[in-house]
1. Could you compute the FRET efficiency for H139 and A225, with r as their C-beta to C-beta distance and R0 at 30 Å, rounded to 0.05?
2. Enter the mean projected area of the convex hull around the alpha-carbon atoms of the stretch 126-254, in nm², rounded to one decimal.
3. Could you run the Debye sum over the Cα atoms of the chain, one equal point scatterer each and no solvent, and tell me log10 of I(q)/I(0) at q = 0.07, 0.08, 0.11 Å⁻¹, two decimals?
4. Residues with amide H under 5 Å of K233's amide H, sequence separation 5 or more or different chain, H placed in the peptide plane at 1.01 Å from N; which?
5. Out of residues 5 or more away from K156 or on other chains, whose amide H comes under 5 Å of its own, with H placed 1.01 Å from N in the peptide plane?
6. Using θ = phi - 60° and the Karplus relation 6.51 cos²θ - 1.76 cosθ + 1.60, list the HN-Hα couplings for the stretch 224-241 in order, rounded to whole Hz, with x at every Gly or Pro.
7. Calculate one ³J(HN,Hα) per residue across the stretch 192-207 by plugging θ = phi - 60° into the Karplus curve 6.51 cos²θ - 1.76 cosθ + 1.60, and present them in order as whole Hz with x for glycine and proline.
8. Would you kindly give the portion of the calculated P(r) for the stretch 200-260 that falls above 16 Å, as a percent of all Cα pairs?
Amino acid sequence: MNTRNSRTIRTATATAAALGLLALSGCGAAETGKSDEAGDKKTVKLTVPSWVGAQANTAVAAYLLEKELGYTVKTQQMGEVLAWDALSKGDIDGILEDWGHPKEEKSYVDTKKTVVKGGDLGVTGHIGWFVPKYFADKHPDVTDWKNLNKYADEFKTAESGDKGEILEGSPDYVTNDDAIIKNLKLNLKTNYSGSEASQITAMKKYAKAKKPFLTYWWTPQWLNAEIDMVEVKLPAYKEGCDADPEKVACAYPNTPLQKFFNADFAKNGGKAAEFLKNFKWTTEQQNEVALMIADEKLSPEAAAEKWVKANESTWKTWMPKK
């Protein structure tokens, strides 16, 4: 989130458990720099971001790589910026959902050329400030940022002191919120819950009690089907308005989510690389798998299997040409 300067959309009630289940087992060293050979069961290494939507991508990709193409898949959870560094070094082969890291992209893609673009994921993400609909229905003007100071007292918590709280997720997420608060002179204070899972727990607690809250949030997100949220309109996004992190005073843009690959893997990764380049699905399809993981409590692998069995016509188009 530079569209998220330090974060990258995000999703889960039990992220740690989901990630543990998602770490599909694999044996043998990664051999992404070698071409395909008969009987050579290679390893593909993918990063798993901390939100469930991105876990859904990895789960489905991993399932198909293993069950349809015969690869071993190893996954690793890591922060977004760390993932870029690992991708450059070849410690991982692919990032399947990036929300925009222009600094890293310039360094690794444009300058060092150790990372290459992998194409659109097919999902468009949007970050913003949101309030629950039950509060917006009672106070319709809260959806204009110019009126937020009027409601600052409503958003106060023990953590925010005499200011209104804006609930945040992980400090690793792409966010311009501190700059926006300062530059728009808002009587608000960010409070980082630490993870998407913790943020969701807090949001559910507020919603159950019908308490007002203001939160950094995003779409697509499976929780939006459970808690009806309304976006607060910040000053309209214009190209370049977020170029200087200290001067940001505008909304977040709509972000077509991107894939990135280690350059050697993209060139020499054989059918695995071709498959991941072809991997592209819709917001609705991603949310379908994310809901299975976060709401139905299926393991990521079980959710992936269920989706794959019901959507052969979609994933067949991702398969490498013979």
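What follows is calculated from the coordinates using simple rules that are stated; it is not laboratory data. Note that the coordinates shown come from a computational prediction; the quantities given were computed from them, not determined experimentally. Methodologically, a virtual Cβ is constructed for each residue, glycine included, from the backbone with ideal geometry; neighbour enumeration extends over all protein chains shown.
1. Working: r = 24 Å, r/R0 = 0.79.
Result of the calculation: an efficiency of 0.80.
2. On the way: hull surface 29.4 nm².
Computing the convex hull of the Cα atoms and averaging its projections yields 7.3 nm².
3. Results for the chain at q = 0.07, 0.08, 0.11 Å⁻¹ read -0.29, -0.37, -0.68.
4. D144, W145
5. Under 5 Å from the amide H of K156: E165.
6. 4, 7, 9, 10, 6, 10, 10, 7, 7, 7, 8, x, 4, 6, 10, 3, x, 5
7. Per residue, the Karplus-derived 3J(HN,Hα) values read 8, 6, x, 6, 4, 4, 5, 5, 5, 4, 5, 4, 5, 5, 4, 5 Hz.
8. Numbers: 1079 of 1830 pairs.
Result for the distance tail: 59 percent.
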